[in-house]
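Here the structure is laid out as structure tokens; the discussion comes afterwards.
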Amino acid sequence: MSYDSIAWLPLAAGLTILGLVLSYYVYRRRGTRPALMGTAISLLPIAAYLTGSIEMFWKIGVAIGQFGTGFVFSPEKWAGVGVTGLAIALFLAAGGRRRRQASREARRTARAQEKTPAEGRTAAGIGAPDRTQELATRGSGRTPVPVDRTAAAQPAGKSSRRQAQPVDDDMKDIEDILRKRGI
């Protein structure tokens, strides 16, 4: 069957008319928006005929069909598929390795930041680190946030919001803005 053996105008016009009729029924049942979407899709066959793109789509389909039939019995092409699969597997494995390495580095820096303030205080002659203010990390790779551990010993009737307040001025500004907006 060739491109010229099909009567494209009646086929495109028939598909467009069928789509417009169905769009009318969609309008009656569901409303304007779905009907407009259906109408837009219904106009595509006649637009493809008028612009001559049906012949282009036909040639693309024929080329894909020829590629597929030549592909089925060719060991050379199947070897190409295997090599492509191997390349994709290696690419994905390399990406996962990089992500794991980045998270390890982030954990190391977080641990180093936790140890540095405690060592600095003992070296200055101040003494052991104060256990009421400790650094708590929330997830891997994040900056440690000071947490007041004495607030956890408060009675159960107290607000749980006061247990872990960050001592960061920027965070206070953001909290104030959110409070003003009722969030």
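The values are calculated or read from the model by the stated rules, or taken from the named source; none is laboratory data. Values in this document were obtained by computation on a predicted structure and should not be read as measured data. Just so you know, the surface numbers come from the protein's heavy atoms only, side chains and all, with ligands and any DNA or RNA stripped out. Shrake-Rupley method; radii C 1.70, N 1.55, O 1.52, S 1.80 Å.
It is to be established whether one or more residues within the range 67-79 are within 32 Å of the chain's Cα centre (by Cα) and open to solvent by less than 60 Å² (accessible area, probe 1.4 Å).
Checked the range 67-79: no residue is within 32 Å of the chain's Cα centre (by Cα) and open to solvent by less than 60 Å² (accessible area, probe 1.4 Å).
Considering only residues of the range 1-39 that are under 38 Å from the mean Cα position of the chain (by Cα) and of a type in the set (Val, Ile, Thr), which is least open to solvent (accessible area, probe 1.4 Å)?
The residue in question is Thr16.
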